[in-house]
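Working notes, structure below.
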């Protein structure tokens, strides 16, 4: 081989930081935000169909805030936490409403007198849907408790964790602060 014909290797430089592919968490946030906004546009802010998307979006934002928590967190984290709270709270409200109307007051003998009304299961919500709504509501309270801890609001956090346990285990479970 002739020295003038030596092989040369070329190196490629990595793309600039602004062109780097988003992390898995950033991609999750983008995808859940898109689904949440599409559900809001299609069904309205507080429709039952919006709840799972609001919960997923709030959870993704909270995961991002938890991942980036440090002593120098600033306005971006505050904005992220506020949006996470709003999304999780919307999910909590919707799931609470779903479960509240899972049982409807209906007349027991055809009369409209309040004394003759009793609780009867709402036929539009089957057992599997009711169980799923309880699970999702419990998760919303859990994540709201985590979010309250991020903001050093320990009393609020404790209340959310207690609500989570109460829904999850169906009994009054109380955890109290010992300090």
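How many residues are part of a helix (DSSP H, G or I), touching a residue at least 40 places away in the same chain (Cβ under 8 Å) and more than 14 Å from the chain's Cα centre (by Cα) if we restrict to segment 29-47? Residues flagged as part of a helix (DSSP H, G or I), touching a residue at least 40 places away in the same chain (Cβ under 8 Å) and more than 14 Å from the chain's Cα centre (by Cα) within segment 29-47 amount to 0.
When each of 80, 10 is tested for being modelled with pLDDT under 95 and in a loop (DSSP other than H, G, I, E, B), the lone residue that passes is 10.
Quick check on segment 104-123. Is at least one of its residues surrounded by 13 or more Cβ atoms within 10 Å (Cβ to Cβ), farther than 25 Å from residue 33 by Cα and either touching a helix residue (DSSP H, G or I) at 6+ places or on another chain (Cβ under 7 Å) or at pLDDT 90 or above (or both)? Scanning segment 104-123 turns up at least one residue that is surrounded by 13 or more Cβ atoms within 10 Å (Cβ to Cβ), farther than 25 Å from residue 33 by Cα and either touching a helix residue (DSSP H, G or I) at 6+ places or on another chain (Cβ under 7 Å) or at pLDDT 90 or above (or both).
Is it the case, given these coordinates, that residue 127 is more than 19 Å from residue 82 (Cβ to Cβ) and either surrounded by fewer than 18 Cβ atoms within 10 Å (Cβ to Cβ) or at pLDDT 85 or above (or both)?
For residue 127, the condition - more than 19 Å from residue 82 (Cβ to Cβ) and either surrounded by fewer than 18 Cβ atoms within 10 Å (Cβ to Cβ) or at pLDDT 85 or above (or both) - is met.
Kindly evaluate residue 51 against the criterion of being within 21 Å of residue 136 (Cβ to Cβ) and modelled with pLDDT under 95. Taking the combined requirement at face value, the residue does not satisfy it.
The values are calculated or read from the model by the stated rules, or taken from the named source; none is laboratory data. Everything numeric here is computed off the predicted structure, so don't read it as measured data. Cβ coordinates were reconstructed from backbone atoms using ideal geometry, including for glycine residues, and neighbour counts include every protein chain displayed.
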